[in-house]
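Contents: one structure, followed by commentary.
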Amino acid sequence: EPTRDYWYRGAPEDVKQYVYGRKAAFDRETGIVYRTSDPQRELYGMLQARLAPVLGSEFDIAKVPDATLRRDLQSLASVRGASLAWLPETVFVRIDDAPEASRYVTLLRDTAHLNVSHVFLEKGELVPAENALTVVPGFIGAYPNAIYRVTRAELPALTAAIGALGSEADYRALADRYAIRRTNPAFWAASDALIDAYAKRAPVEAGLFDYNRLENR
């Protein structure tokens, strides 16, 4: 019940009743015996263990073989809070590490909400302090909002810059340093390299990315 109530913080009583009130009552206890104070995470762990034989690991940063790079990506993924509200929702990051081939990761902004019971008036439900960041190797999402290019040595600086965002001016400074905007003369060459890397990494799933939502901030 605490987990369920957390998902519907601030929702009107009629919404709560529609979702788990009298009309949706199911008076049976779960067959799972939970042993921790975080049943949601515990359940996810059970599902992960059960599905382990068929789960892919291509998006798991814990599986990145390079220990130093893995540590830097995990540090980036640990950024939390209001600074992420200034970050685009989906960012492809090209990491240059000559003479090695460039690597790509995706940053996904996890935008926190009190609840998602309504299609409109989203701003009133946002909880910036609870924002989180997911970092995965490779590409997730067909509509990137931004493309960054960094050297491997710059990853800690990128992490610090994202964690310090507090205004549109701060983001513009970050983008000036790392983003490959559509107005950049090198944009299409960078796009070709990105799509080529996607095709090599995921030859079955790969396709062209849609730049309709690419920001030029």
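What the table shows:
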| quantity | calculated |
| --- | --- |
| Residues whose placed amide H lies under 5 Å from that of VAL127, excluding near-sequence neighbours | ALA112, HIS113, LEU114 |
| Cα coordinate range in the stretch 3-86, projected on the principal axes (Å, largest first) | 53, 38, 22 |
| The stretch 1-137, accessible surface, carbon-and-sulfur percent (1.4 angstrom probe) | 55 percent |
| Segment TYR211-LYS16, extension gain: residue separation times 0.36 nm, minus the distance between their alpha carbons | 66.4 nm |
| Binned Cα-Cα distances of the stretch 51-131, short to long, each 5 Å bin given as a whole percent | 3, 11, 17, 19, 16, 14, 11, 6, 3, 1 |
| More than 16 Å apart - percent of Cα-Cα pairs taken over the stretch 149-201 | 53 percent |
| Most mobile of ILE32, ILE180, ILE61 in a GNM of the chain (Cα contacts under 10 Å) | ILE32 |
| Rounded accessible area per residue of the chain, 1.4 Å, Å² | 63 Å² |
| Whole-Hz couplings from phi, Karplus 6.51/-1.76/1.60, listed for the stretch 182-189; x for Gly and Pro | 5, 7, 6, x, 8, 4, 6, 5 |
| Principal axis dimensions, the stretch 21-68 - Cα atoms, whole angstrom, descending | 52, 23, 20 |
| For the chain, calculated [θ]222 nm from helices alone, where every DSSP H run of n ≥ 4 adds -39500 (n - 2.57) | -10000 deg cm²/dmol |
| Under 5 Å, built H, 5+ apart or other chain: amide partners of TYR148 | PHE92, VAL93, ARG94, ILE180 |
| Length added when fully stretched, ALA101-THR151, from 0.36 nm per residue minus Cα-Cα | 16.8 nm |
| Alpha carbon convex hull of the stretch 106-145, projected area averaged over orientations, nm² | 3.6 nm² |
| Percent of beta bridges antiparallel (DSSP, the chain, rounded to nearest 5) | 75 percent |
| Most mobile of ASP170, ASP192, ASP14 in a GNM of the chain (Cα contacts under 10 Å) | ASP14 |
| Simple label model, 7 Å out from Cα along Cβ direction - VAL54 to THR68, nm | 4.0 nm |
| Positive-end residue, the stretch 1-126 charge dipole about Cα centroid, Cβ charges, pick of PHE120, ALA85, VAL15 | VAL15 |
| Amide N of the stretch 5-47 lying under 15 Å from the label point, which is placed 7 angstrom from the Cα of LEU121 along Cα→Cβ | 9-16 |
| Gain in span if fully extended, TRP7 to ASP196, counting 0.36 nm per residue against the direct Cα distance | 64.0 nm |
| 3J(HN,Hα) from dihedral phi, the stretch 83-97, Karplus parametrisation 6.51/-1.76/1.60, rounded to Hz, x for glycine, proline | 4, 6, 4, 8, 8, x, 5, 10, 10, 8, 10, 8, 10, 8, 8 |
| Kirkwood Rh in Å, taken over all unlike Cα pairs in the stretch 100-217 | 16.2 Å |
| Given (1) 174; (2) 109; (3) 155, the label whose value is volume of the Cα convex hull per residue in Å³ derived from this model | (1) |
| Whole-Hz ³J(HN,Hα) from phi, Karplus 6.51 cos²θ - 1.76 cosθ + 1.60, for the stretch 144-160, glycine and proline x | x, 8, 7, 10, 10, 10, 9, 7, 4, 5, 8, 4, x, 5, 4, 4, 5 |
| Alpha-carbon centroid distance for the pair the stretch 1-23 / the stretch 47-74, whole angstrom | 34 Å |
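The values are calculated or read from the model by the stated rules, or taken from the named source; none is laboratory data. Because the structure is a prediction, the values reported are computed rather than measured. Neighbour counts are summed over all protein chains in view; Cβ atoms, including those assigned to glycine, are modelled from backbone coordinates with ideal geometry. Ligands, DNA and RNA are stripped out before the accessible areas are found, and what is left, the full protein with its side chains, is counted by its heavy atoms. Shrake-Rupley method; radii C 1.70, N 1.55, O 1.52, S 1.80 Å.
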